[in-house]
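**Q** Attaching a single structure in structure tokens format; questions to follow.
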Amino acid sequence: MIRNRHAYLIIAHDQPELLQILISLIDDVRNDIFITIDSRTDINIFKSIKAQNSNLFFTQQNNNCWGSVKLVETEFLLFETARKKEHYSYYHLLSGQDLPIKSQDYIHQVCDKLQGKEFVEFEKESPQSLKVLNNKTRYFYILQNHFRCNNIFEKIIVRLIQKSFLSLQNVFQVRRRYKLELKKGCQWVSITDNFCKYLIEHKEEILQMFNHTFCPDEIFLQTVLWNSPYKNNIYDYEDEYHSCLRYIDWKRGEPYIWKENDFDELINSTNKCFFARKFNVQDKNLINKIVMFLNKNE
């Protein structure tokens, strides 16, 4: 029986070809893979997705509305589905536009060495970052589930109502109150079974607390971890990249989409991150280079 197995939890909505490449790079007998596809996407385009060595599971589809608590519900769906299958050593939450930049041997060796650490990014506090966090949490955002609707008329109406409701809250000095110290960071994390269990045990409380918060997927897990018995297990708190083991460039984009000429930067030996994002399947040269590099290092 294989010890210290990992669960890969993937949220995807497009680019099935890129998702298949991601699957092939994490396909390992030491891993199980759980995928959820946005309910607004035709799941049939993902039917050909396969793994040879890992167990591969598709969960039910959720409407992963950007900026709403729906994304938090989707993360819980993945955590719960995986943990019912097995109590894994680590749960890696990825998007369908992520790729590993380290081999599975490397990832498992580091996780074994640092067993018990929670790989979660916490955004460095500054006047600007605290202002953003305050704006996302102080008001009630009531229409986030409709914020990215396709109908242009509906979109205008939704934004007008939202803006009016926020203005009213400001006029009447409406302020949300939280029992916990709020923290913010990257949605994509690698967490232990103990903390995963802790999250699931507090699921209803968390969903209630962060309902009608703006972008709660960037806030809830950091907040819960910071206020939990697992706070001292946070890995490399001061380093935003290294702490979550994701290489993401927010300076050149939101986030920046990696290009072929970034290959050396991504695989540089000083870069200790396990994963990078974002990628686009159109940049086949970069993706092929990463595939060849990882296959050579297995």
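**Q** So Glu204 fits all but one of (1) under 27 Å from Leu114 (Cα atoms); (2) at pLDDT 95 or above; (3) of a type outside the set (A, V, I, L, M); what number is the exception?
**A** For Glu204, the failing item is (1).
**Q** I'm told Thr270 meets every condition in (1) closer than 21 Å to His108 by Cα; (2) surrounded by 12 or more Cβ atoms within 10 Å (Cβ to Cβ); (3) of a type in the set (Ser, Thr, Tyr) except one. Can you identify the failing condition by its number?
**A** (2)
**Q** For the list (1) within 29 Å of Asp236 (Cα to Cα); (2) outside any helix (DSSP H, G or I); (3) of a type in the set (Phe, Trp, Tyr), I need the number of the one condition that Tyr106 fails.
**A** Among (1) within 29 Å of Asp236 (Cα to Cα); (2) outside any helix (DSSP H, G or I); (3) of a type in the set (Phe, Trp, Tyr), Tyr106 violates only (2).
**Q** Can you spot a residue in region 126-149 that is assigned to a loop (DSSP other than H, G, I, E, B), of a type in the set (Val, Ile, Thr) and farther than 16 Å from Arg246 by Cα?
**A** Yes: region 126-149 contains one or more residues that are assigned to a loop (DSSP other than H, G, I, E, B), of a type in the set (Val, Ile, Thr) and farther than 16 Å from Arg246 by Cα.
**Q** In addition: Pairs needed: first member in region 1-12, without any contact (Cβ under 8 Å) to a residue 60 or more places away in the chain; second member anywhere, of a type outside the set (A, V, I, L, M, F, W, C) and outside any strand (DSSP E or B); C-beta distance under 7 Å; at least 6 residues apart or different chains.
**A** Correct list of pairs: Ile2/Arg30.
**Q** Looking only at region 51-68, filter to residues that are at pLDDT 95 or above and either surrounded by 20 or more Cβ atoms within 10 Å (Cβ to Cβ) or of a type outside the set (Phe, Trp, Tyr) (or both); which one of those is farthest from Cys196 (Cα to Cα)?
**A** So the residue we want is Gln52.
**Q** Quick check: anything in region 170-184 closer than 13 Å to Thr213 by Cβ, assigned to a helix (DSSP H, G or I), out of contact with any Asp or Glu (no Cβ under 8 Å at 6 or more places or on another chain) and modelled with pLDDT under 85?
**A** no
**Q** If you don't mind, there's one more thing I want to ask. Going by what's in this entry, would Leu71 be described as at pLDDT below 95 and either out of contact with any Cys (no Cβ under 6 Å at 6 or more places or on another chain) or among the hydroxyl-bearing types (Ser, Thr, Tyr) (or both)?
**A** Taking the combined requirement at face value, the residue satisfies it.
**Q** Select from region 24-41 the residues that are of a type in the set (S, T, N, Q) and out of contact with any Phe, Trp or Tyr (no Cβ under 9 Å at 6 or more places or on another chain) and list them in ascending order.
**A** Ser24, Ser39, Thr41
**Q** Here's a follow-up. Looking at region 274-292 only, could you name the residues that are farther than 15 Å from Leu22 by Cβ and surrounded by 18 or more Cβ atoms within 10 Å (Cβ to Cβ)?
**A** Matches in region 274-292: none.
**Q** Still on this structure, I have one more. Suppose we keep only residues that are under 11 Å from Ile35 (Cα atoms) and surrounded by fewer than 20 Cβ atoms within 10 Å (Cβ to Cβ) within region 69-83. Which one would you say is farthest from the chain's Cα centre (by Cα)?
**A** The qualifying residue farthest from the chain's Cα centre (by Cα) is Thr81.
**Q** A follow-up question, please. Among the residues of region 243-291, which ones are assigned to a helix (DSSP H, G or I), touching a helix residue (DSSP H, G or I) at 6+ places or on another chain (Cβ under 9 Å) and acidic (Asp, Glu)?
**A** If the condition is that a residue be assigned to a helix (DSSP H, G or I), touching a helix residue (DSSP H, G or I) at 6+ places or on another chain (Cβ under 9 Å) and acidic (Asp, Glu), then Glu260, Asp262 are the ones that fit.
**Q** Which residues, counting only those in region 258-267, are of a type in the set (D, E, K, R) and surrounded by fewer than 16 Cβ atoms within 10 Å (Cβ to Cβ)?
**A** Result: Lys259, Glu260, Asp264, Glu265.
**Q** Additional query: Could you check region 194-217 and list, in sequence order, the residues that are without any contact (Cβ under 8 Å) to a residue 60 or more places away in the chain and buried (at least 17 other Cβ atoms within 10 Å of the Cβ)?
**A** Residue satisfying the conditions is Met209 alone.
The values are calculated or read from the model by the stated rules, or taken from the named source; none is laboratory data. Only a predicted model underlies this, so the values are computations on that prediction, with no experimental measurement involved. Cβ atoms come from the backbone with ideal geometry, glycine included; neighbour counts cover every protein chain shown.
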